[in-house]
Amino acid sequence: MLKKIVMLVAIFCGMFGFEKTSNAELKVDIIAGATEPISVAVQKFEIESGASSSDAQMIRTVVESDLKRTGLFHIVNHDAFPEYVKMDAMPAFKSWAAIKTQVLVQAKLTQTPDKKYQLEFFVWDVAAKEQIEAQSLVASKKSVRRLGHIMADAIYERLTGEVGYFDTQIVFIAETGPIDARVKRMAVMDQDGFGMRYLSDKKTLVMSPHFSPNMQSIVFLSYYNDDPMVWILNLDTGEQKRLGQFGGMNFAPRFSPDGTRVALSLVKNGITHIYEYDIENNFLKQLTTGNAIDTSPSYSPDGRKIAFNSDRSGSQQIHILDLNTGDVQRITYGAGRYATPAWSPDGQFIAFTKMADDTFYVGIMDPKGKNEKILAGGWFMEAPSWAPGSRRLVYYETEKAIDNIERTSHIRSVDITGQNLYDIELPDNINGVEPTWSPRLP
């Protein structure tokens, strides 16, 4: 069950007599291929009313780690900090500027009378001597790490103007055991790899998990009783149920943007087509026709189109289906084969997997198939999935085994410039495949 957080947010502008001015705004360009990181100092938290100093330090560490991993921010070394100033006093801006700090963050953690945590923080533009953000968050003590992620989101959003993605999760398939006897279990973790837990047992092979838009459920492929069918897991109750009786192998499920439908591939009479299942009305509708293999559907953010890959043109390519007219248009014409399309939340990009010259690539293009950009390449990589805000992707890469016996799969993240690529750390002896990034947590 997902841990829910009760959050109260208050934003205070113009504290201590300062006003926000357009000519003093500090912004970072996250689209640029190379940009100088903004220098951020996160001051030691104030502690009040019995709040835990170790919890305060955890929040501080989470905030710094989240911001640092983006590649857009430089975290100022604590040893260089000037004299400590509490939140009710004016920061010594000259001292912070002297160590080249551009953004100063102050925070206070307080234990409330009902034993919850209240986190207050200020964000300052040092050069402008201006407070640019102030918030107050309230949550249970069990959600202390989420407080850090939410605080980091607020700072990121204020400095970039983009949607934050730190208070999110990733669902994936955790593989263990030898390559010829892999155990595949569905697992979920925070976007930074913390708190991994299993959602399925060792008995049943599962694949292709995807979150619902409201984060209440996950749709996935299960080989329960050796019968490959699409199932839904309720994250609040843990209940699992089969999506429907479709009369054939079905796989590659994806929720619609409003969560009322699931697009999937269904094999009938040896032919694979895209279908759409209306969850509330228990109605299955066939969307594609012909003798081709159509699979890997992905809805556009407005729910009006579906990107999918098909061999109808003679090789595996990405096509777009207009759900209103039924028209299908091929959009990929580059060298190689294209697969696993994933529409970005803002609708500006489609991520894809490409196979060419014995190499796998992960890339992005616009919805017309233009402006293709390769972000990463390797021996085998697949399953790109978008973070909220459409500026970062997660995917998995499998390394070629030297001895052809053991292979290692990593879950990796990269931004849309193709820079700042990093592995999401998993527990020892676990291979991660088929990751899907969640929406922002409720």
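Any read-out appearing in this document is the output of simple, stated calculations on the displayed coordinates, not a laboratory observation. What you see is a predicted model; the values in this text were computed from it and never measured. We place every Cβ from the backbone using ideal geometry, glycine too, and count neighbours over all the protein chains shown.
General remarks:
- Distance cut-off 13 Å, percentage of C-alpha pairs in segment 226-290 lying past it: 63
- In the structure shown, the pairs K86/K129; K68/K370; K268/K354; K68/K129 are assessed against 25 Å; a Cα-Cα span above that value is assigned to K68/K370; K268/K354.
- Relative to the Cα centre, the charge distribution of segment 169-437, modelled as +1 at Lys and Arg Cβ and -1 at Asp and Glu Cβ, gives a dipole magnitude of about 540 debye.
- Degrees, to the nearest 10: 53-69 long Cα axis against longest axis of the chain: 60
- Footprinting exposure proxy ranking of T288, T417, T112, fewest other C-beta atoms within 10 angstrom first, gives T112, T417, T288.
- Angle in degrees between helix 144-160 and the longest Cα principal axis of the chain, rounded to the nearest 10: 90
- Taking other C-beta atoms within 10 angstrom as a stand-in for reagent exposure, L67, L147 fall in the order L67, L147, fewest first.
- If both residues of a DSSP beta bridge must be in segment 15-160, then about 65% of such bridges are antiparallel.
- Sorted by Cβ neighbour density within 10 Å, fewest at the top, the residues F308, F172: F308, F172
- Taking 23 Å as the straight-line reach from the Cα of K203, the lysines in range (excluding those fewer than 8 positions away in the same chain) are K184, K241.
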